[in-house]
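Everything on this sheet refers to the single structure shown next.
Where a number appears in this text, it was derived from the coordinates with a stated rule and is not lab data. All values reported here derive from a predicted model rather than from experimental measurement. Heads up, the Cβs are rebuilt from the backbone with ideal geometry, glycines too, and the neighbour counts pull from every protein chain shown.
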Amino acid sequence: MNIGFIGLGQMGAGMAACLLKAGHSVTVFNRTAGKADGLKEKGAKVVASSAEACRGEAVVTMLANDEAIEEIVFGKNGMLVSLPPKALHVSSSTISVSMSERLTAAHAISNQRFVAAPVFGRPEAAAAGQLFVIAGGEKSAIDAGLPIFEAIGQKTFRIADTPRTANLVKLSGNFLIAAVIESLGEAIALVAKGGVEPKQYVEILTSTIFNAPVYKTYGGLIAGGKFTPAGFAAPLGQKDIRLTLEAADRLGVPLPIANVLRDRFISLLAHGGQELDWSAIGQLAAKDAALIVNEAASALSIRT
């Protein structure tokens with residue numbers, strides 16, 4: 001396929017590389033041009049505007065937030081006027097349900113196809129083509145996107161014929177991950193203050209009753225204080241919890257734990273955690289307990 005790719009952060013760069021590896025012709029655009037250098041060496045065509053990346057059969061966006069999508073799609077010379085009729089927009093960004101609804105309507109008016117296809121997995125999974133794709137959209141549109149999904153992921157879930165449903169599933173999943181991070185942080189702080197070594201504690205948990213990737217990944221990050229470089233930056237985690245609460249408000253669903261997580265992210269960012277991985281909220285319980293778990297505490301203004 002002739003595919004455009006917009007957004008070359010840690011996730012997007014790995015996904016675009018997988019498309020190239022699968023034999024697709026890939027045209028890439030990123031506002032910070034230097035991020036495309038590695039892909040150019042792998043055969044990607046680098047262009048100077050997002051419009052130039054929207055001239056093929058499909059374009060994939062992997063952008064940070066609704067504001068970035070707004071600019072790329074609805075802005076002057078944006079995707080709505082640049083993407084050919086019947087061409088496909090695959091949005092893998094974690095965006096709001098309301099933005100997904102706007103994109104669905106706008107692409108339909110422009111005679112273009114749209115699939116929401118957010119993904120689960122960290123940057124290492126993106127680079128390895130091992131993401132899990134949650135696809136929402138009309139059957140024919142999802143079918144058209146299958147070569148893309150097969151290149152970037154290990155499994156694709158067709159969740160609904162409405163794109164917004166895929167975005168809701170993605171937000172709910174990130175809410176659950178954040179809840180795991182917070183509970184792990186609290187449990188680690190508890191046992192650490194009681195004299196248990198955090199890494200040994202995480203090994204016990206993940207070898208017995210919590211033998212799951214999310215506990216292994218984030219338990220290891222919290223116990224080891226490995227919050228930089230950020231695989232998923234804390235401001236993005238804060239954004240996702242905010243969007244989860246927004247969706248819950250629209251649907252009339254109370255999410256008391258999500259409100260706690262919102263406050264945790266605000267606290268982390270207030271303590272200078274903008275450059276840290278979102279798992280750093282798991283260190284806040286140690287701060288509250290006046291406990292130094294590891295050297296990463298200094299990043300959260302925890303005094304020795």
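Structural remarks
- Between PHE210 and ALA105, the distance separating the two model label sites (each 7 Å from Cα on the Cα→Cβ line) works out to 4.2 nm.
- When DSSP beta bridges are restricted to pairs lying wholly in the chain, around 15% turn out antiparallel.
- Test item: Cα-centred dipole of the chain, Lys/Arg +1 and Asp/Glu -1 on Cβ, debye: 340 debye
- Compared with the alpha-carbon gap, the fully stretched path from LEU190 to ALA48 is longer by 46.0 nm at 0.36 nm per residue.
- Set of lysines near LYS170 by C-alpha distance (under 17 Å), chain-local residues within fewer than 8 positions excluded: LYS155, LYS239
- Degrees separating the helix 139-152 axis from the principal Cα axis of the chain, which is the longest one: 60 degrees
- ³J(HN,Hα), Karplus 6.51/-1.76/1.60, whole Hz, each residue of region 76-92, x for Gly, Pro: 4, 6, x, 4, 4, 9, 9, 7, x, x, 6, 5, 10, 9, 9, 9, 9
- Residues ASP249 and GLN274, FRET efficiency given R0 of 41 Å [Cβ-Cβ distance, rounded to 0.05]: 0.95
- Net charge in the neighbourhood of ALA33 (other residues with Cβ under 15 Å of its Cβ; Lys, Arg +1, Asp, Glu -1) is +1.
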